[in-house]
Every structure is written in structure tokens, then in C-alpha cells.
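See below for the structure under consideration.
Read the figures in this text as sums done on the coordinates, not as results from a lab. Given the structure is predicted, the values throughout are model-derived calculations rather than measurements. Here the Cβ positions follow ideal geometry from the backbone for every residue, glycine too, while neighbour counts run over all protein chains shown.
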Amino acid sequence: MAGPAIICMDPALPCYPMLMDVSFLNEIEALPRLLCFSGVDFGVSLAQLRGVWGRALGLVAPRAFAQVFDGALDDANRASRPGYVLADQGTDRDGLRRVRWTLLGRDALAHDATLCLAWMRAGQAGVGDHGNYASFAVQSTALLGPDGAPSACGTSWRMDALRWPLAGDPVNTPCQLVFPGGLCLTKKVNGRKIRVVANWPEITRTTRNRLRTWLPETSWPALDAAKEEWDRNVLDHPLVDHTTEVALSGYSRRQENESGDGRKTYLVREGTLEFPAGLGEGWPLMLAMGWLGLGDHFTEGMGWCDVKPL
């Protein structure tokens, strides 16, 4: 039997052995960009930007819209999986609105040029409230590497390339997860979705479910085994929830088309989750959630997280 895999971090930091098999992360391909927009007012939500991009994409390329924006799959037994994630990155010193836009999977990457074109067309159509649209423009784009920094390689990468961002053994280094866009964890009970608290069982369950949508069925047993091992490992890894419930504004293109008003409100958690004894052996899976989004509404900027020192 082969020994544990070695994940090499920043050259200034030591390398750490992987204590569980997470090789299935190699199945998940990502192409992230940082988009910088001019003409987007402070009050424009990420959900509104998503909506006008989706509308433009539907006009430019209906097939790409179905596969990537709606996430339609040929396999009727599998749930839809939108091939992108959005994460608001605030405004830079020049007043440009910054958004991290990550394409996921081969279908999305195959439509890359068309998806980029749809952002240009969306800018021409404009964004705003209740039909009061103002045009905007993509001023610059930068491809991002697994560390979130601009990359000169110009290619996609896979989730097994993610590196631990802090000094110290990732299994037990105290850290916190910061959710800038909010966190919404839910599960189905008697056919209804209910919101749940952020505890270890819900985090590992939600992480497994999110990864499962991007893995072939042949990798599901390895994912399930990793979750079970992580569940056992974190029994002595406390989690301290420092989030509070807030109402965030959302937007639905379909709702606006049907009723004339696309405004929505989501109840989510904002703040941090603290891990005084570290993330345990499943830390690579949590790093993947930083890009894929943990929980619901990941296409609207929720669920993505940064690992910070505690």
C-alpha cells in the first residue's frame, strides 16, 4: 500500500502528508477570473449582475445558457449544477467593482469565449432596479491561480492544486473561516427545505453534497469514505459559531419576467466560524468549498470563504 501523499505548500512552509484520500479533487476543474467593472453603482447587488449576464447569455447562446447558467444535465437522475460561482470582491481604489467569476467543469470551459462575450453584451444592456438600467463595462480581467492571485499561466487548474494558506500543520492549526457573502446551510425535511445551524455534522454533510455534484459516480465511494473519516476526526476539533442572522437582498431574473419585480430577500448568516484546534483531516475539502461555495445560493455570491488565522 502506498504511503500518504505529500501536498507541497508555499516553498517557505513545510510540506504536509495527506492523512485521507482526497485524490478525487483532481476531477474538479476550475477557471477563475477577477472581473473589474466600471459603471456599476454601489447599490447594485451581485445577484443583479448575475441576472443581466444570464439574460444576455440566453440571447447569445441558449445552449450555453442551459448547460452553464441553469446547469442542466443529460442525466435525469442527477440534480442540476450551474457551471459557475460568483464572489463579490468589493471595490478597488479606482472605484471599479470587482467580482471573482469561476467557471467549473468541461461544459463551462468549452463555452468560455461565449460566456465572456455575454458579459460584454450584458454591459451594453445595463443593470439596475426595476428596468432603470445603466450600462457598464468590463474594464479588465485577470486569470487567477489556486492561491487566488493573478496567474500568468492562462490555464484552468484542478481542486487538488489548492494549498494551505497559513503557517502550521493544516490538520490542527487554529483558524477561522470568514464568509464575506454570507452563509446559508439548509437540508430537506419532509420535502421542505429548512435552514440549519453551522455545526460539524452539517458542514461535512453539505461539503460532501456539494463535491458530489462535480464528481463522477465512480468517485462517490471515495468521497463518502473521506466524509466518514473526517466526521470521526473532528470529534475533538471544536467549532465556535460567531455568525449572526441577517437579511440580504437578492434578485431573480425569472421572478422579474413573471411579476415585474425581481427583488428577493434571503435570511443568511454573516460572520465567522472559529476552529481553535484546526479543521481536521478534511481541510482540503474545506479549501475546495472556498471556491465552490458551501451551502445554498453560491451562484449569487454566498458560501465562499477565506481561511484566516485565529
(message) So the label point goes 7 Å from the Cα of Ala137 along Cα→C-beta, right? Which residues of segment 83-114 then have their backbone N under 19 Å from it?
(response) 92-99
(message) Can you tell me the mean projection area, over all orientations, of the convex hull of segment 34-101's alpha carbons? Units nm², please.
(response) 5.1
(request) Report relative contact order for the chain in percent, whole number only (criteria: Cα-Cα under 8 Å, sequence separation at least 6). (result) 24
(message) Between Thr218 and Val197, what is 0.36 nm times their sequence separation minus the Cα-Cα distance? Round to one decimal in nm.
(response) 4.5 nm
(request) For the chain, find the longest principal axis of its Cα atoms and tell me its angle to the long axis of helix 112-125, 0 to 90°, nearest 10. (result) 40
(request) Starting from the alpha-carbon convex hull of segment 115-173, give the projected area averaged over all orientations, in nm². (result) 7.2
(message) Using only alpha-carbon positions, what ratio does the radius of gyration of segment 71-176 give when scaled by 2.2 N^0.38 Å?
(response) 1.36
(request) Please express the shape of segment 164-310 as an equivalent ellipsoid: the semi-axes are the square roots of 5 times the eigenvalues of the C-alpha gyration tensor, given largest first in whole angstrom. (result) 28, 19, 14
(request) Tell me what the chain gives for mean residue ellipticity at 222 nm when only DSSP H runs of n ≥ 4 count, each as -39,500 (n - 2.57), the sum divided by the residue total, rounded to 500 deg cm²/dmol. (result) -8000 deg cm²/dmol
(request) May I ask which of Lys187/Lys227; Lys227/Lys264; Lys187/Lys264; Lys188/Lys308 have a Cα-Cα span longer than 28 Å here? (result) Lys227/Lys264; Lys188/Lys308
(message) Suppose the Debye formula is applied to equal point scatterers at every Cα of segment 6-309; what is log10 I(q)/I(0) at q = 0.10, 0.12, 0.15 Å⁻¹?
(response) -0.56, -0.81, -1.29
(request) Normalise the Cα radius of gyration of segment 99-141 by 2.2 N^0.38 Å (N = residues in it) and let me know the number. (result) 1.35
(request) Report ³J(HN,Hα) in whole Hz for each residue of segment 167-175, in order, from the Karplus equation J = 6.51 cos²θ - 1.76 cosθ + 1.60 where θ = phi - 60°; Gly and Pro get x. (result) 6, x, 4, x, 5, 10, 6, x, 7
